[in-house]
Amino acid sequence: MYIRSHLYGLILNIFILLAVLLSIHVWFEPSWLSPGAILFFILSYLIVGFFMSIYAGFKSSGDMKQRFDYISTMITQLSRGEFSSRIYFNENDEVASLGDELNELGEKLQQQKESLLKLADEKAELARSAHKAATIEERQRLARDLHDAVSQQLFALTMMAQATGKVFDKNPEKAKKQLEEITQMALQAQTEMRALLLHLRPVHLSGEPLTEGVFSLIEELKQKCPLHFEVQMEEMDQISRTTEEQLFRVVQEALSNILRHANASEVKVNLTHSKGEMFLHISDDGAGFDPEEKKSNKASYGLKSMKERCEEIGGVFTLRSREGEGTHIDIRVPTTVQSKEESK
């Protein structure tokens, strides 16, 4: 750059000098200033000036090139994440100011790096605390359900069995009715246990797609529960694992609630896809309930959990229920995937 600027200056001086000499030759016509002398003088000036420009360029640019090399090295170190690097110049010029600005940039990047590391540690700690709190809350819920449902029913079964044994010989008809009640209570306790075991089923799909995991879950329930399932599910490609696991957990929770509370005989599960959205519908023909009353009831924990899981994946959770008319759950999740039928 310096050599080029000296050469530009040399060319400009040659044109100026040539114009002056030609003007003197035309106006005054001195005998010593012939065209040959002008050409010789210009060529001599050009040769001497060329070498002087190269020498002056190298001489004046050596220190500047070294300082630019320092700045280039500093930028490379910053790009590699070595934010503690610094450069210092003894001169007090524009290049030194550029070095000071790079030092300030490195210091700010170092501070941001430390802040990000601190935030990452805090996030990891919060995640561990949240996971621990969720685990404790889930255990407390299961313990409460076991106590409120299965434990009390088993205690009632024990008391009923003892009372039946005492009146069996005296009043066989009453004992028969009590045995029928014991049978119903035992079936109810068995249903509660199946629902709780369903809730404890692993959340992960073990590499299976969502549709296969739901089909396996329903086939398992068909063998154990007197429920009729109507299932229609479209195959989905390239759904994120997080979305699949959250939806699978929602299906688990919904089926668990149906087993425990709905007293239903038919369950419908539909999964479809249309125009960039995935739709999941779960319904039963059970007893139903008043959603407003459930908001203040501990039994609404499962509904709240399903809604939160749906919102975590950007979906919309809708619940419709009325006493004696069953329960309907509709979930809409935005997605960019296509069903296999659409992709053909």
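Once amide H atoms are built 1.01 Å from N in the peptide plane, which residues 5 or more positions from Asp285, or in another chain, come under 5 Å H to H?
Ser265, Glu266
How far is it, in nm, from the label point at Ile38 to the one at Asp237 when both lie 7 Å from their Cα along the line to the Cβ?
In this crude label model, Ile38 to Asp237 measures out at 8.2 nm.
At a 10 angstrom cut-off on C-beta neighbours, averaged per residue, how do the peptides 117-130, 66-79 rank from highest to lowest?
66-79, 117-130
In whole Hz, what ³J(HN,Hα) sequence does segment 324-333 give by Karplus (6.51, -1.76, 1.60; θ = phi - 60°), x for Gly and Pro?
x, 10, x, 10, 10, 10, 10, 10, 10, 10
Among Lys123/Lys268; Lys113/Lys307; Lys123/Lys304, which pairs are too far apart, with a Cα-Cα distance over 29 Å?
Lys123/Lys268; Lys113/Lys307
For the pair Asp290 and Gln66, how long in nm is the line joining their label points, each one 7 Å along Cα→Cβ?
Taking the two extended label points, one gets 9.0 nm.
What percent of all Cα-Cα pairs in segment 20-108 falls in each 10 Å bin, counting up from 0?
14, 26, 15, 12, 13, 12, 6, 0
Compute the label zone of Met185 within segment 164-178: residues whose backbone N is under 12 Å from the point 7 Å along Cα-to-Cβ.
164-165, 178
Calculate the spin-label point distance for Phe215 paired with Glu308, positioning each point 7 Å from the Cα along the beta-carbon direction, and give it in nanometres.
According to this spin-label approximation, the distance is 3.3 nm.
How would you rank 49-58, 23-32, highest first, on the average number of other Cβ atoms within 10 Å across their residues?
Ranked by mean Cβ neighbours within 10 Å, highest first: 49-58, 23-32.
How much length would be gained if the chain were fully extended between Lys275 and Glu122, taking 0.36 nm per residue of separation minus their Cα-Cα distance, in nm to one decimal?
That works out to 51.1 nm of additional length.
Non-local amide H neighbours of Met278 (under 5 Å, H modeled in plane, Pro and chain starts lacking H): which ones?
Here Val333, Thr335 satisfy the definition.
Quick one: what are the phi-derived ³J(HN,Hα) couplings along segment 34-49, Karplus 6.51/-1.76/1.60 with θ = phi - 60°, whole Hz, x for glycine and proline?
8, x, x, 5, 4, 5, 5, 5, 5, 4, 5, 5, 5, 5, 5, x
In Å², what does the accessible area per residue of segment 1-56 work out to with a 1.4 Å probe?
Ligands and nucleic acids excluded, the figure is 77 Å² per residue.
Over segment 1-87, what is the relative contact order in percent, taking alpha-carbon pairs closer than 8 angstrom and at least six residues apart?
Relative contact order for segment 1-87 comes out at 38 percent.
Quick one: Kirkwood hydrodynamic radius for segment 223-324, alpha-carbon pairs, angstrom, one decimal?
When all Cα pairs of segment 223-324 are included, the Kirkwood radius is 14.7 Å.
The values are calculated or read from the model by the stated rules, or taken from the named source; none is laboratory data. Remember, it's a predicted structure, so these values are computed and weren't measured experimentally. Because the Cβ atoms are built from the backbone with ideal geometry, glycine has one as well, and the counts that use them run over all protein chains shown. Please note that ligands, DNA and RNA were not included when accessible areas were found on the heavy atoms of the full protein model with its side chains. Shrake-Rupley method; radii C 1.70, N 1.55, O 1.52, S 1.80 Å.
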